[in-house]
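Encoded as structure tokens, the structure appears first; notes follow it.
The values are calculated or read from the model by the stated rules, or taken from the named source; none is laboratory data. Since the structure is predicted, the reported quantities are computational estimates derived from the model, not experimental observations. Glycine also receives a Cβ, built like all others from the backbone with ideal geometry; neighbour counts cover every protein chain displayed.
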Amino acid sequence: MTAVFVAAIAGLAPLDVIASLANAGTLCAFVAVAACVLVLRRRDPAARRPFRTPLAWVVAPLAILGCCYLFTSLQVVTQIAFLDRVSGWHIGIIGGSGLYDVAGIEDGRWVEVATPWGPPSDAIFTGRVGAARVSFLPRHGRGHRISPDALNARANIDALKRLGVTDVLAVSSVGSLVEERPPGSFTIVDQFIDRTKGRVSSFFGTGCVAHVSMADPVCPRLSALVADAAGEGVDRGGTYLAMEGPQFSTRAESLLYRQWGCHVIGMTAMPEAKLAREAELPYALVGMVTDYDCWREDEAAVDVTQVLAQLSANAAKARSMVLALLRGLPAERAASPIDTCLDAAIITAKGARDPALVAKLDAVAGRALA
């Protein structure tokens, strides 16, 4: 039993194994008490109750105390091991369906998460790499079932927050708007221009109003860690033009976005990045370039065949980046200003807040609304 305690505290035993041992230990302890009572009854066959012999009054309480001690010890060890595993990093990754197929993930399993905003895109694949927990959400659902303009971004972010995610890495396919960022390259985005329309872009609204700052829309710490994990062939910084889709751009639009100074174009980052900020989740975005959009007049415009071909080439590189990120995280996660950004954002007086909306905000804003 001592070996189990040591293994649990050291993080060597999986949590489900520790929990099973705790339950088994409790069951064994109660069985031991029952056996003790039966033995004592046999020592005094004439007794109708087991506690008439003097020895029974000593042994039975000791057995019960031993049972309680064993139960408490195992539960405490389980709790220590659990808190040790979740007290630091828990990276939520939103990306393609194949991104969760990363070597080295332990205790991996699919979990369904219900949210007050409706269902997320899919179940979430959660596990750990070393001391870091990780949860993968297929943005479009497995098999790419959901169009970019139909994504339930609120449910996706809420689901990750409910799982205990501390930081979000989004991985998205993008078109390049500059010659220097060819297909196959990765861009660590640091700014956005939102040209989407008709998408719900906030958890808040009438009954509980909040205005978070989006001046610096990504987390510089997480972005730097991701850039280091990506290695060579990554461009640090760049402006992402978020378009509505699902159609690709016209040539006039593509040329206009180049004049605006945009570097890449995509359909999924908004309102995802805004909602992550409202949920107090540090957010980083890697744009995997698949094409040159349609601004190059001497080339054919982008089509799905071209995108899919480059996606396959990018997938292995993206998985390597994710694994390197998880293995290279600092041992301790220091607090981020984004962790408490709602403290300076919620404007509705406490007594004027809509209880129904506040209830829906329990996961994303429960800390700030308490």
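Among the residues of region 314-332, is there at least one that is closer than 24 Å to residue 266 by Cα and polar (S, T, N, Q)?
Yes: one or more hits.
Taking the stated definitions as given, is residue 261 farther than 15 Å from residue 292 by Cβ, modelled with pLDDT of 95 or more and touching a strand residue (DSSP E or B) at 6+ places or on another chain (Cβ under 9 Å)?
Values: farther than 15 Å from residue 292 by Cβ: yes; modelled with pLDDT of 95 or more: yes; touching a strand residue (DSSP E or B) at 6+ places or on another chain (Cβ under 9 Å): yes.
So residue 261 fits the description; yes.
Filter the strands (runs of 3 or more DSSP E) completely within region 216-276 down to those with at least 2 residues that are of a type in the set (Ser, Thr, Tyr). Before you say what the answer is, go through the steps one by one.
On the way: elements: 234-236, 239-243, 264-266.
Answer list for region 216-276: 239-243.
Look through 253, 232, 180 and report the one residue that is over 17 Å from residue 275 (Cα atoms) and modelled with pLDDT under 95.
Values: 253 fails: modelled with pLDDT under 95; 180 fails: modelled with pLDDT under 95.
That would be 232, the only listed residue that is over 17 Å from residue 275 (Cα atoms) and modelled with pLDDT under 95.
For residues in region 320-362 being buried (at least 16 other Cβ atoms within 10 Å of the Cβ) and among the hydroxyl-bearing types (Ser, Thr, Tyr), which is nearest to residue 279 (Cα to Cα)?
336
Going through region 211-223 one residue at a time, which ones are closer than 11 Å to residue 285 by Cα and among the hydrophobic types (A, V, I, L, M, F, W, C)?
218, 219, 222
Yes or no: region 298-313 includes at least one residue that is assigned by TED's automatic domain parsing to the domain that holds residue 226, in contact with a helix residue (DSSP H, G or I) (Cβ under 9 Å, 6 or more places away or on another chain), at pLDDT 95 or above and farther than 29 Å from residue 118 by Cβ. Reasoning before the result, please.
Our first condition is that a residue be assigned by TED's automatic domain parsing to the domain that holds residue 226; within region 298-313, this holds for 298-313.
With in contact with a helix residue (DSSP H, G or I) (Cβ under 9 Å, 6 or more places away or on another chain) added as a condition, the list becomes 300-301.
Of the ones still in play, those that are also at pLDDT 95 or above are none.
No, there is no match, as no residue in region 298-313 is assigned by TED's automatic domain parsing to the domain that holds residue 226, in contact with a helix residue (DSSP H, G or I) (Cβ under 9 Å, 6 or more places away or on another chain), at pLDDT 95 or above and farther than 29 Å from residue 118 by Cβ.
Given the options 190, 149, 194, name the one that is of a type in the set (Asp, Glu), closer than 23 Å to residue 325 by Cα and modelled with pLDDT of 95 or more.
Values: 149 fails: closer than 23 Å to residue 325 by Cα; 194 fails: closer than 23 Å to residue 325 by Cα.
Result: 190 is the single residue among 190, 149, 194 that is of a type in the set (Asp, Glu), closer than 23 Å to residue 325 by Cα and modelled with pLDDT of 95 or more.
Looking at residue 137 and the list (1) in contact (Cβ under 8 Å) with a residue 60 or more places away in the chain; (2) crowded, with 23+ Cβ neighbours inside 10 Å, which single condition is not satisfied?
Looking at each condition in turn, residue 137 falls short on (1).
Report every pair of residues separated by at least 6 positions or lying on different chains whose Cβ atoms are under 6 Å apart, first residue within region 196-218 and in contact (Cβ under 8 Å) with a residue 12 or more places away in the chain, second β-branched (Val, Ile, Thr) and part of a loop (DSSP other than H, G, I, E, B).
208/348; 209/347; 209/348
Looking at 150, 155, can you tell me which residue is in contact with a Pro (Cβ under 9 Å, 6 or more places away or on another chain), without any contact (Cβ under 8 Å) to a residue 12 or more places away in the chain and assigned by TED's automatic domain parsing to the domain that holds residue 357? Walk me through how you get there before you give the answer.
On the way: 155 fails: without any contact (Cβ under 8 Å) to a residue 12 or more places away in the chain.
Residue meeting the stated conditions: 150.
Please verify whether residue 106 is within 13 Å of residue 323 (Cα to Cα), assigned by TED's automatic domain parsing to the domain that holds residue 157, exposed (fewer than 14 other Cβ atoms within 10 Å of the Cβ) and modelled with pLDDT of 80 or more, treating the condition exactly as stated. Walk me through how you get there before you give the answer.
Details: within 13 Å of residue 323 (Cα to Cα): yes; assigned by TED's automatic domain parsing to the domain that holds residue 157: yes; exposed (fewer than 14 other Cβ atoms within 10 Å of the Cβ): yes; modelled with pLDDT of 80 or more: yes.
Here the answer is yes, as residue 106 does meet what is asked.
Residue-wise test of (1) more than 22 Å from the chain's Cα centre (by Cα); (2) not hydrophobic (A, V, I, L, M, F, W, C).
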| position | (1), (2) |
| --- | --- |
| 321 | no, no |
| 337 | no, yes |
| 340 | no, yes |
| 345 | yes, no |
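Within region 111-130, is there a residue that is at pLDDT 95 or above, more than 29 Å from residue 341 (Cα to Cα) and assigned to a loop (DSSP other than H, G, I, E, B)?
Checked against the condition, which is being at pLDDT 95 or above, more than 29 Å from residue 341 (Cα to Cα) and assigned to a loop (DSSP other than H, G, I, E, B), region 111-130 yields no hits at all.
Can you name every residue in region 234-255 that is exposed (fewer than 15 other Cβ atoms within 10 Å of the Cβ) and more than 32 Å from the chain's Cα centre (by Cα)?
Scanning region 234-255 gives 250, 251, 252.
Quick check, is residue 260 surrounded by 13 or more Cβ atoms within 10 Å (Cβ to Cβ) and either in contact (Cβ under 8 Å) with a residue 40 or more places away in the chain or assigned by TED's automatic domain parsing to the domain that holds residue 188 (or both)? Can you show your working first?
Numbers: surrounded by 13 or more Cβ atoms within 10 Å (Cβ to Cβ): no; either in contact (Cβ under 8 Å) with a residue 40 or more places away in the chain or assigned by TED's automatic domain parsing to the domain that holds residue 188 (or both): yes.
So residue 260 fails the test.
Filter region 133-157 for residues that are over 11 Å from the mean Cα position of the chain (by Cα), closer than 15 Å to residue 168 by Cβ and not in a loop (DSSP other than H, G, I, E, B) and give the result. Write out each step before concluding.
To start, the set of residues in region 133-157 that are over 11 Å from the mean Cα position of the chain (by Cα) comprises 138-155.
Narrowing further to those that are closer than 15 Å to residue 168 by Cβ: 138-139, 151, 153-155.
Scanning region 133-157 gives 138, 153, 154, 155.
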